[in-house]
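Written out below as structure tokens is the structure these notes cover.
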Amino acid sequence: MMNGSIRAAAKSLGAMVVSGVLMLSATLPAKAADNLPISAFFGTFQGSGIAVSQDAIYAPETARDMDVTIRQAGDGFTVQWTTVSRSGAGEIKRKSESLTFRADTNGSRYVTDQRADPFSPDGLAWANIEKQTLNVFLLLIDAKGRYSLQRYARTLGARGMELLFVRTHQGSDRRIVKGLLVKIAN
């Protein structure tokens, strides 16, 4: 159940969605079966969401404010994102990340040199586009051989950019974040 501050944030987000819908509709493909070009995802998006965590004992649900900027970088793109989370106790955490991807030889995937080894502390990152969704994956394997996979799925639609983040550890979903972002700049 949403508390008052989350409900108020969701209502204010609705006003931004209306203006973002018109800007976004021009980027959608003619056929739903076609993958969008990476350029359709370019821009700055802001919004909010809710995280549900299996790891949190006292506050399994937390509110998130999210920003993402995706821009061209050579034959690929750079994605920068920031997440601000607020715990039930009022603790605020801010996390930012930036990765630059280039198209691989077959053109359906994007790779990065910044995170190119799943056994390093930074792990392995790659991206792809499936229809209207830009997926960014991060794979980490620890010293004991246990893995953690993060997926950031950013889907363009009539309401804006829907975010689905899933962190899976050893096959079990440990954290899921769902949110809605609207385009505020090209």
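Which residues, counting only those in segment 65-107, are crowded, with 16+ Cβ neighbours inside 10 Å and in contact with a Gly (Cβ under 6 Å, 6 or more places away or on another chain)?
Passing the criteria: 66, 101, 103.
So which residues in segment 153-162 are assigned to a strand (DSSP E or B) and not charged (D, E, K, R), if there are any at all? Break it down into steps so the answer makes sense when it comes.
Going residue by residue through segment 153-162, those that are assigned to a strand (DSSP E or B) are 153-157, 160-162.
Once the filter is applied, which keeps residues that are assigned to a strand (DSSP E or B) and not charged (D, E, K, R), segment 153-162 yields 153, 155, 156, 157, 160, 161.
State whether the residues of segment 144-155 include one that is in contact with a Pro (Cβ under 9 Å, 6 or more places away or on another chain), β-branched (Val, Ile, Thr) and surrounded by 13 or more Cβ atoms within 10 Å (Cβ to Cβ). Walk me through it before giving the result.
First, pick out the residues of segment 144-155 that are in contact with a Pro (Cβ under 9 Å, 6 or more places away or on another chain): 147.
Imposing the further condition that a residue be β-branched (Val, Ile, Thr) reduces the set to none.
The answer is no, given that none of the residues of segment 144-155 is in contact with a Pro (Cβ under 9 Å, 6 or more places away or on another chain), β-branched (Val, Ile, Thr) and surrounded by 13 or more Cβ atoms within 10 Å (Cβ to Cβ).
Could you tell me whether segment 161-180 includes any residue that is surrounded by 15 or more Cβ atoms within 10 Å (Cβ to Cβ), over 13 Å from the mean Cα position of the chain (by Cα) and of a type in the set (Val, Ile, Thr)?
Yes: one or more hits.
Among the strands (runs of 3 or more DSSP E) contained in segment 33-152, which hold 3 or more residues that are under 14 Å from the mean Cα position of the chain (by Cα), at pLDDT 95 or above and under 17 Å from residue 164 (Cβ atoms)?
Numbers: elements: 43-53, 61-73, 76-86, 92-103, 109-117, 123-130, 133-141.
In segment 33-152, the matching strands (runs of 3 or more DSSP E) lie at 43-53, 61-73, 76-86, 123-130, 133-141.
Can you name the residue in segment 22-32 that is surrounded by fewer than 11 Cβ atoms within 10 Å (Cβ to Cβ) and part of a loop (DSSP other than H, G, I, E, B) and, of all such residues, is modelled with the lowest pLDDT? Spell out the reasoning first.
We begin by selecting, within segment 22-32, every residue surrounded by fewer than 11 Cβ atoms within 10 Å (Cβ to Cβ); these are 22, 26, 30-32.
Filter again for part of a loop (DSSP other than H, G, I, E, B), leaving 26, 30-32.
Numbers: 26: 39, 30: 43, 31: 45, 32: 43.
Result: 26.
The values are calculated or read from the model by the stated rules, or taken from the named source; none is laboratory data. A quick note: this is a predicted structure, and the numbers were derived from the prediction, not measured. Positions of Cβ are generated from backbone atoms using ideal geometry, with glycine treated the same way; all protein chains shown enter the neighbour counts.
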